[in-house]
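The values are calculated or read from the model by the stated rules, or taken from the named source; none is laboratory data. Every value quoted in this text rests on a predicted model; they were computed, and no experiment measured them. Backbone-built Cβ (ideal geometry, glycine too); neighbour counts: all protein chains shown. Keep in mind that these areas ignore ligands, DNA and RNA; they rest on the heavy atoms of the full protein, side chains included. Shrake-Rupley method; radii C 1.70, N 1.55, O 1.52, S 1.80 Å.
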Amino acid sequence: MKRKIHLVAAIVATLCIAIFFTSTLAVELFGSEEAIKIVKVLVVTPGLYILIPAMALVGGTGFSLSKNRKAQLIGKKKKRMPFIAANGLLVLTPCAIYLSLWANSGLFDTRFYIVQGVELMAGATNLILMGLNLRDGLQMTGKMRRNTSI
């Protein structure tokens, strides 16, 4: 049961970040200021209210599942997780909150777009790292074969 919770929470968290990332890019490229405002507000509420518990579940269940295991892939996942968590809590969450507040106030200035760039870079980084963790987890459970040709 714990593995299923871990998998579902990991998928939900990864999808949240992917949705935040792609909606931000799409609305910045093709949307109006009103559309940007809506996306920025939705990323915070309900977005963070879904993402943060999902990330906590991923971390907690992952830690519990890996307690007695020493596999190489677990070691890789354990090295990535502190960076993913720190990036999420110290960069992505504050960026999302400030961007939401500024967009809601109509403040689309240089500061907004600098923070937006930081958020996009941090989001892309977390997506890559979470994708690697998902891949390694699927390999450990045998649901995905390791590519040994590299």
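Under the condition of being open to solvent by 30 Å² or more (accessible area, probe 1.4 Å) and within 20 Å of ARG69 (Cα to Cα), which residue from the range 125-138 is modelled with the highest pLDDT? So the residue we want is LEU132.
Conditions (1) among the hydroxyl-bearing types (Ser, Thr, Tyr); (2) open to solvent by 30 Å² or more (accessible area, probe 1.4 Å); (3) part of a helix (DSSP H, G or I); (4) at pLDDT below 95, marked per residue:
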{"position": "ILE19", "(1), (2), (3), (4)": "no, yes, yes, no"}
{"position": "LEU42", "(1), (2), (3), (4)": "no, yes, yes, no"}
{"position": "VAL58", "(1), (2), (3), (4)": "no, no, yes, yes"}
{"position": "THR61", "(1), (2), (3), (4)": "yes, no, yes, yes"}
{"position": "ARG69", "(1), (2), (3), (4)": "no, yes, no, yes"}
{"position": "CYS95", "(1), (2), (3), (4)": "no, no, yes, no"}
{"position": "LEU120", "(1), (2), (3), (4)": "no, yes, yes, no"}
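Among the residues of the range 21-40, write down those that are charged (D, E, K, R) and loosely packed, with under 12 Cβ neighbours inside 10 Å.
Looking only at the range 21-40, we keep the residues that are charged (D, E, K, R), and these are 28, 33-34, 37, 40.
Scanning the range 21-40 gives GLU33, GLU34.
So VAL44 passes all but one of these: (1) free of Cβ contacts under 8 Å to residues at least 60 places away in the same chain; (2) more than 23 Å from GLY117 (Cβ to Cβ). Which condition number does it fail? Single failed check for VAL44: (2).
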